[in-house]
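The values are calculated or read from the model by the stated rules, or taken from the named source; none is laboratory data. Just so it is clear, the structure is predicted and the values come from calculations on it, not from any experiment. For neighbour counting, all protein chains shown are included, and Cβ atoms are generated from backbone atoms with ideal geometry for every residue, glycine included. Protein only, heavy atoms only, side chains kept; ligands, DNA and RNA dropped before computing areas. Shrake-Rupley method; radii C 1.70, N 1.55, O 1.52, S 1.80 Å.
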Amino acid sequence: MPAPIGTHLVTARFGNNDARTLAGYEKTGGYGQLRKALAMRPEDITNEVKASNLRGRGGAGFATGVKWGFVPKDAKSVHLVCNADESEPGTCKDRELMYWDPHLLIEGMVISAHALRAVHNYIYIRGEMMREYLVLQKAVDEAYARGYLGKNILGTGIEIHLTVHRGAGAYICGEETALLNSLEGLRG
């Protein structure tokens, strides 16, 4: 059932300074969905995402579950990369999410990484976004300390790592292949 009109889902914690902390996020139910997802098989998570019809925010609005289905089942190494570069003029949606609700992004990444069997994962953030980077890095550190990230997440034996990578601020790095080049230390 869809949320009632006017219900804030992504922006519900905006303006709440306490929500940027792990304790504040947990008070509002944060990381509850991660606990549920860790008890699921990766393919069951993918099937739920397919059924939800969740779509990417790119120009094509590609179905997320379908895209996840393209990852080869026998892949030796899978990486999940969050494009938080926001290099398009006038785009400021992601930076607000990273600043006000960083644990929401982290929880979503850990669930997605589990579904994809991705161990080493990245948030590629624009280098100029120092305010957001500091908040996000602190949240990642808190998640590691609490066991939401690392070698044995919440005692499940599941290993997921997350690195916040600051880009050099090149406009082109908002594009997928340029971003991946930059992440690998090459020219975007």
Which of (1) touching a residue at least 12 places away in the same chain (Cβ under 8 Å); (2) in a loop (DSSP other than H, G, I, E, B); (3) under 30 Å from residue 33 (Cβ atoms); (4) not hydroxyl-bearing (Ser, Thr, Tyr) is the odd one out, the single condition residue 180 does not satisfy? (2)
Take the conditions open to solvent by 80 Å² or more (accessible area, probe 1.4 Å) and under 30 Å from residue 15 (Cβ atoms) and apply them to residue 128. Does it pass? yes
I'd like the full set of residues that are surrounded by 16 or more Cβ atoms within 10 Å (Cβ to Cβ) and in contact (Cβ under 8 Å) with a residue 60 or more places away in the chain, limited to the range 155-177. 158, 167, 170, 173, 174
Can you give me the number of residues within the range 9-31 that are of a type outside the set (Ser, Thr, Tyr), closer than 18 Å to residue 110 by Cβ and open to solvent by 70 Å² or more (accessible area, probe 1.4 Å)? 1
